[in-house]
Amino acid sequence: MKRSVSASRLASLRSRRMIGGTLAPHVPWQAMVYIADSVLDGGYAGGALISDRWVLTTGRNLFVRKSRQDIHGKDPVLPKVYLGISQRAEANASKEVHVEKVVLHPGFQNQSDWDNDLALIQLKEPVVMSNKVTPIPLPERGQDLADVVGGSGVITGWGWGIDLNLATSLKHLVLPLANHSDCRAEYEHFAFTPAVDDNMFCTGPTKYEENVCFGDAGGALAVTDAETGDIYVAGILSYDKSCSRYKYGVYMKISSYLPWIHSVIRGDTEKSSALRSDAMSKMYSWQP
């Protein structure tokens with residue numbers, strides 16, 4: 001996460017060890033999705049634990065080269081996943097949870113690099129919940145971004161900071177939700193940026209021009225429902241390249257993807273829907 005601030009404020013921030021976002025408290029749903037130390041070899045990024053067996057992240061995080069052209073026809077990398085950590089140095093064997101498989105969204109990169117940029121990672125064993133590791137809920141039916149506390153959410157990540165190197169500690173930012181049409185209009189003018197559709201939403205920078213940056217992708221934007229007080233994951237950060245160059249971070253809107261997420265977690269096959277329909281129709285047909 002990168003700041004664009006005055007030199008005097010930058011010096012102040014450095015003295016307080018708040019470069020590129022504020023040091024995060026322990027975030028129990030945060031996952032590290034790791035391919036390699038080097039960005040050129042795939043790097044590492046964020047993910048969100050959403051149940052005892054599943055981590056949600058972006059599809060692009062699971063490839064060394066990220067573009068649609070490079071990914072076409074290739075299988076995703078089986079990453080290492082670490083839970084319960086706040087420091088890069090904690091990503092070791094004791095914090096690793098082994099991966100069974102990854103499932104890309106079936107519409108991943110249909111038309112562009114950023115389409116349906118989601119993947120689910122299944123863990124080999126259920127995670128033991130603790131004060132260090134616990135999932136973040138998915139949105140419930142009816143929960144809407146217009147009804148979140150403060151019109152903002154919290155994003156966490158190990159992304160690039162002012163010095164253009166990956167953070168050694170987990171950072172967080174509280175970011176305002178952005179106007180959808182403004183975000184869409186901004187990226188219409190730039191190549192290699194998302195075509196912001198109704199399955200996406202955006203956040204803007206803080207008043208100090210703090211923003212997400214390279215390496216923050218896959219992190220959950222956690223929000224609080226104003227009516228119930230429930231905390232849930234509203235989006236998964238996909239376009240993390242706003243940094244100080246662009247204004248908006250772009251997220252996959254989780255409420256748009258709930259049917260797919262639930263079908264994967266249930267273990268549905270191609271025949272599951274037909275089998276359910278057949279059983280229901282037979283039971284109704286037997287009514288007197």
Rounded if a/c is under 1.5, else prolate if a/b is larger than b/c, else oblate: which is region 26-71, with a ≥ b ≥ c the root eigenvalues of its Cα gyration tensor?
oblate
Which number do you get for Rg(Cα) / (2.2 N^0.38 Å) in region 51-164?
1.22
With everything on Cα atoms, drop me the angle between helix 272-285 and the longest principal axis of the chain, reported from 0 to 90° to the nearest 10.
40 degrees
Whether region 92-144 is rounded, prolate or oblate, judged on the alpha carbon gyration tensor where a/c under 1.5 counts as rounded
oblate
For region 207-288, the Rg and Dmax computed from alpha carbons only, in angstrom
20.3, 69
Potential lengthening between E100 and D144 on full extension [0.36 nm per residue; Cα-Cα distance subtracted]
12.6 nm
Region 123-193: which GluC sites (Glu not before Pro) are DSSP loop and have at most 12 other beta-carbon atoms within 10 angstrom?
E140, E188
Carbon/sulfur fraction of accessible area - the chain, other protein chains in place, 1.4 Å, %:
52 percent
Taking N as the number of residues in region 18-105, the ratio of its alpha carbon radius of gyration to 2.2 N^0.38 Å works out to 1.12
Working from the alpha-carbon coordinates of region 144-273, get Rg over Rh, Rh being the Kirkwood radius.
1.00
Hey, what do the phi angles of region 112-124 turn into as Karplus ³J(HN,Hα) couplings, whole Hz, using 6.51/-1.76/1.60 and θ = phi - 60°, x for Gly and Pro?
8, 4, 10, 5, 6, 7, 9, 8, 10, 10, 8, 8, 5
Filtered hits (lysines, Cα-Cα < 21 Å from K74, offset >= 8 within chain) -> K66, K101
Exposed loop chymotrypsin sites (Phe, Trp or Tyr not before Pro) only (DSSP loop, at most 14 other Cβ atoms within 10 Å): please give the longest stretch of the chain free of them, not including the sites.
1-189
Sorting A167, Q30, H105 by the position of each Cα along the dipole of the chain (Lys, Arg +1; Asp, Glu -1; all at Cβ), the one nearest the positive end of that ordering is A167
What accessible surface, in Å², does a 1.4 Å probe find on V154, ignoring ligands, DNA and RNA and rounding to the nearest 10?
60 Å²
Separation of the M283 and T22 label points, Cα + 7 Å toward Cβ, nm:
5.0 nm
If you place +1 on the Cβ of every Lys and Arg, -1 on the Cβ of every Asp and Glu, and leave all else neutral, what size is the dipole of region 105-164 about its Cα centre, to the nearest 20 Debye?
300 debye
Which lysines, if any, have their Cα less than 21 Å from the Cα of K282, not counting same-chain residues under 8 positions apart?
K271
If the chain between D268 and S130 were fully extended at 0.36 nm per residue, the gain over the current Cα-Cα distance would be 46.8 nm
Under unit Cβ charges (Lys, Arg +1; Asp, Glu -1), what dipole magnitude, rounded to 20 debye, does the chain have relative to its Cα centre?
720 debye
Nearest-20 debye value, region 32-183 charge dipole, Cβ charges on Lys, Arg, Asp, Glu:
320 debye
Taking the chain and counting helices only, DSSP H stretches of n ≥ 4 at -39,500 (n - 2.57) each over all residues, the nearest-500 ellipticity at 222 nm comes to -4500 deg cm²/dmol
Given a 1.4 Å probe, the accessible area of the chain per residue, as a whole number of Å², is 50 Å²
Quick one: among H172, H105, H26, which has the greatest mean-square fluctuation in a GNM of the chain with alpha-carbon springs under 10 angstrom?
H26
May I ask for the longest run of the chain untouched by trypsin sites (Lys or Arg not before Pro) that are loop-located per DSSP and have at most 15 neighbouring C-beta atoms (other than their own) within 10 Å?
142-206
Taking the Cα centroid of region 19-64 and of region 174-216, what is the distance between the two, rounded to the nearest whole Å?
20 Å
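The values are calculated or read from the model by the stated rules, or taken from the named source; none is laboratory data. Just so it is clear, the model here is predicted, and its values are computed rather than measured. Note that each Cβ is placed from the backbone with ideal geometry, even for glycine, and that neighbours are counted across all protein chains shown. Ligands, DNA and RNA are excluded from the accessible area calculation, which covers all protein heavy atoms including side chains. Shrake-Rupley method; radii C 1.70, N 1.55, O 1.52, S 1.80 Å.
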